[in-house]
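The values are calculated or read from the model by the stated rules, or taken from the named source; none is laboratory data. Computed from a predicted structure; not experimentally measured. Every residue, glycine as well, gets a Cβ built from its backbone with ideal geometry; the counts of neighbours run over all protein chains shown. Heads up: the accessible areas ignore ligands, DNA and RNA and are worked out on the full protein's heavy atoms, side chains in. Shrake-Rupley method; radii C 1.70, N 1.55, O 1.52, S 1.80 Å.
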Amino acid sequence: MLLPALQPELPDVRWYRVDEPRLAAAEVELWICSLATAEPMISGNKWMKLQYHIKLIQQQQYRGFVTFGGAFSNHLAACAAAAKLYNISATAYVRADAIDPENPTLQYCVANGMQLIATDRATYRQRHCSDFIKSLARRHPDCLFIPEGGSSVLGARGIACLDLSATPAGNADIIATATASGGTLAGLILAAAKQDATTAQKATVLGLAVLNDHSLPAKVRALLPETLPNDVNWQIISTDPLQRYARCAAEHVDFCCQFAITHGIAVEPVYTGRALYKLYQMVAAGDIAPGSRISFLHTGGMQGLAGLYYRKLISLEQYQILCAASVG
């Protein structure tokens with residue numbers, strides 16, 4: 001695949017220092033990096049992961065793209081928004097037995113012109129198989145296939161354009177983010193490798209996994225070049241080995257609500273909030289060295305709150321608290 005040479009359009013990078021007694025007591029400094037994008041529904045990391053895909057579609061004159069996602073997927077919502085923004089045809093294979101017309105995420109996708117195809121779980125599991133993709137390519141000629149979550153070499157390359165190592169207070173010791181499909185983590189590793197070439201300080205890149213996927217390290221490595229320009233210390237830590245993906249435990253929801261009330265920063269309990277909750281646990285356990293400065297990427301995904309409320313996984317009061325926060 002010929003990779004686009006053009007630089008992606010960067011979002012407005014905004015930093016927020018989180019001041020709390022429990023962080024101060026542990027001598028840990030936490031900075032949250034939030035990305036304000038031109039289209040709010042293409043939030044956070046999704047903007048960066050889709051930029052090179054869009055450029056490749058435009059340069060190679062694909063007639064559109066095909067992608068994959070769950071019924072409440074942030075990725076699908078972002079893809080639908082991007083397709084409308086750039087006037088591109090979009091088709092999504094949705095992990096669902098049927099398309100629920102009341103689902104707020106899918107409603108948004110349809111309203112923005114995305115074609116949705118319900119796909120049973122057994123069929124959906126084939127989305128990584130080359131023969132299955134070839135069969136879909138015959139059904140969708142001249143379309144670019146974007147992997148679930150936008151996690152491809154192009155997606156990682158887009159994330160790598162972000163510099164999370166340089167906080168307003170100085171270089172970070174730890175760069176952290178939520179990770180699910182691995183593309184964002186791979187991009188942060190690539191970015192850290194580039195920064196290591198210009199500074200003596202090497203940051204550890206920490207992926208806080210929100211699903212129990214034992215193949216995740218291999219997926220991340222597959223998105224990286226065989227040799228990085230500089231060695232990068234990176235690791236994946238499970239946020240909760242018993243927690244199911246796309247579900248939210250009561251303690252995660254409570255944490256997100258309190259975080260929004262205290263700091264005015266909205267985080268949802270499936271990705272960013274769950275990852276932050278784990279990071280706070282690590283600080284409390286002494287797993288983060290005193291004196292550490294943490295740079296944490298807020299990956300957006302706030303559209304998912306409507307889906308959580310629709311499924312009665314959060315209350316109306318919790319939904320309103322999280323939606324009222326000024327940043328997110």
Subject >> Selection status of Val232, among the β-branched types (Val, Ile, Thr), part of a loop (DSSP other than H, G, I, E, B), at pLDDT below 95 and more than 27 Å from Gln195 (Cβ to Cβ) >> reply: no
**OP:** Please find, within segment 314-328, the residue that is surrounded by the most Cβ atoms within 10 Å (Cβ to Cβ) out of those that are among the β-branched types (Val, Ile, Thr) and under 13 Å from Val253 (Cβ atoms).
**Re:** Ile314
**OP:** Please indicate, with yes or no, whether at least one residue in segment 277-291 is free of Cβ contacts under 8 Å to residues at least 24 places away in the same chain and assigned to a helix (DSSP H, G or I).
**Re:** yes
**OP:** From the list Ala166, Ala197, pick out the single residue that is of a type in the set (Gly, Ala, Ser), open to solvent by 40 Å² or more (accessible area, probe 1.4 Å), modelled with pLDDT under 95 and farther than 21 Å from Ile32 by Cα.
**Re:** Ala197
**OP:** Kindly indicate whether Pro225 is farther than 30 Å from Lys312 by Cα, exposed (fewer than 13 other Cβ atoms within 10 Å of the Cβ), modelled with pLDDT under 95 and touching a helix residue (DSSP H, G or I) at 6+ places or on another chain (Cβ under 6 Å).
**Re:** no
**OP:** Name the strands (runs of 3 or more DSSP E) wholly inside segment 131-220 in which the number of residues that are under 26 Å from Arg293 (Cβ atoms) and touching a residue at least 24 places away in the same chain (Cβ under 8 Å) is 3 or more.
**Re:** 174-179, 204-209
Original post:
Taking segment 54-90 on its own, how many of its residues are polar (S, T, N, Q), outside any helix (DSSP H, G or I) and open to solvent by 10 Å² or more (accessible area, probe 1.4 Å)?
Top reply: 4
**OP:** Among the residues of segment 255-313, write down those that are open to solvent by 10 Å² or more (accessible area, probe 1.4 Å) and charged (D, E, K, R).
**Re:** Lys278, Asp287, Arg293, Arg311, Lys312
